[in-house]
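Asker: Let me give you the structure first, and then I'll get to my questions.
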Amino acid sequence: MTETRPPQPHDAGMRLREVAFGAVSAAAVRAALRLEIADALDDEPQTAEELAAHLAVEPSALRRLLRALVANGIFVEEPDGRFAHNDTSRLLRADAPRSMRYVSLWATEPWTWQAWPKLEDAVRHGGSVFPDLHGKGFFDYLHEDAPESAETFNRAMTQSSRQSAEDVAAVLDLSEARTVVDVGGGQGLLVATLLERHPHLRGALLDLPAVVDRADPRLRPGGALADRVTLVPGDCREAVPVRADVYVVKNILEWDDDSTRRTLANIVAAAEPDARVVVIENLVDDTGSLKFTTAMDLLLLLNVGGAKHTEVSLLSAMRRAGLEVGEVRAVNSTLHMFDSVVPAIAAHSNAP
């Protein structure tokens, strides 16, 4: 039996240095994406000089960037000095089946570099730093002042949904439902996946007008699912003007408490008695990806004053809205599904 060596003081110091320099790792990933290094590197390993010629960049600086990426487990360096892909670096490619390109770009957008130094302020007063930084709320800033970042955000949300939609569809039983609405569902990848899996279903997608305008092509006029879906432009915090048997709410109840309260109340007010409300969220407890979820939790604090939920906090929010929560189950290593119903006493009587 191998004895585990307790951490030594110098190990702790180096670990702290690595954490303190964490912004360098994020910057290296963003640089790799913007330079399209992963797309330029195919199956055959290449030297830094060969890659630099293809990318029109300075060879020695590229080698230094690649060295930093390799140190973080992204790409590998062969014994002969050539660089090659590994499973992680392939996720940076635009054509990878489970590409993380836009998710990684979103996490390193220019506004994030302005916001993170204000984390101390966010912790002191417990809210978003965006109004102080930009004179307006996060989503107003995104859509009015940073259209490229807004597009990256939409692509990142679609990319994340693509990776989880099949997992959700596999565990969400809709055999007895006739209609399903994806509340705040972005470009509609989840509802499209559910409709493809259940040919008897009709669906609706509710999101902001600018988002719905760019819905999944399958859902737009002329698309394969267009005759089975309704596109509903709107803000679920203001109203949910859709009747359905099942309301799916995935990864949007992370705003401030008032927005979460109003969204759930609007769903309950719109729903018929016994309608199901299925809430799907990343939690900051009982998860296999605590570093990621706690980081997202702090990012939400910075940008909208929101928070990732624990199981207890999400159950509390749903019950305050009048929902009767039944089964709670894991969808995958990062997502949990909370299945609930609208009781007769709550339906149409819980508007915000």
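Every read-out reported here was derived from the displayed coordinates using simple, explicitly stated rules and does not represent laboratory data. If you're wondering where the values come from, they're calculated on a predicted model, not measured in any experiment. Backbone-built Cβ (ideal geometry, glycine too); neighbour counts: all protein chains shown.
Asker: How far is helix 311-320 tilted off the main Cα axis of the chain, in degrees rounded to 10, range 0 to 90?
Answerer: The two axes meet at around 30 degrees.
Asker: Residue farthest toward the positive end of the dipole of the chain, with Cβ of Lys/Arg at +1 and Asp/Glu at -1: which of Val171, Leu142, Gly126?
Answerer: Sorting the options by dipole projection puts first Gly126.
Asker: Now for a different question. Need one word for segment 43-184: rounded, prolate or oblate. Basis is the Cα gyration tensor (sqrt eigenvalues a ≥ b ≥ c); a/c below 1.5 gives rounded, then a/b vs b/c decides.
Answerer: The shape class here is oblate.
Asker: Given a Förster radius of 25 Å and the C-beta distance between Arg329 and Ala295 as r, what FRET efficiency does 1/(1 + (r/R0)^6) yield to the nearest 0.05?
Answerer: So, using R0 = 25 Å, E works out to roughly 0.50.
Asker: List the lysines whose Cα lies under 29 Å from the Cα of Lys291, skipping any in the same chain that are fewer than 8 positions away.
Answerer: Hits, sequence-local ones excluded: Lys118, Lys250, Lys308.
Asker: Would you mind classifying the chain by shape? Square roots of the alpha carbon gyration tensor eigenvalues, ordered a ≥ b ≥ c; an a/c under 1.5 is rounded, otherwise it is prolate if a/b is larger than b/c and oblate if not.
Answerer: The shape class here is prolate.
Asker: Something else about it: For the peptides 60-67, 171-178, what is the packing order when you average, over each peptide's residues, the other Cβ atoms within 10 Å and list the highest mean first?
Answerer: 60-67, 171-178
Asker: Ordered by packing density, taken as the mean number of other Cβ atoms within 10 Å over each peptide's residues, highest first, how do 88-96, 229-237 rank?
Answerer: 229-237, 88-96
Asker: Follow-up. Exactly which GluC sites (Glu not before Pro) in segment 20-60 are in a DSSP loop and have at most 14 other Cβ atoms within 10 Å?
Answerer: none
Asker: For segment 153-290, what does the alpha-carbon gyration tensor say about shape, rounded, prolate or oblate, given a ≥ b ≥ c as the root eigenvalues, a/c under 1.5 as rounded, and a/b over b/c as prolate?
Answerer: Cα axes put segment 153-290 in the rounded bin.
Asker: Moving to a separate point now. Can you give me the distance in nm between label points at His143 and His200, each placed 7 Å from the Cα along the Cα-to-Cβ direction?
Answerer: Simple spin-label model gives 3.7 nm for this pair.
Asker: Taking the Cα centre of segment 204-308 as origin, sum charge times position over the Cβ atoms of Lys and Arg (+1) and Asp and Glu (-1), and report the length of that vector in debye to the nearest 20.
Answerer: 320
Asker: Let me ask something else about it. Calculate for the chain the 222 nm mean residue ellipticity that helices alone would give, adding -39,500 (n - 2.57) per DSSP H run of length 4 or more and normalising by residue count, nearest 500 deg cm²/dmol.
Answerer: Calculated from helices alone, the mean residue ellipticity at 222 nm is -13500 deg cm²/dmol.
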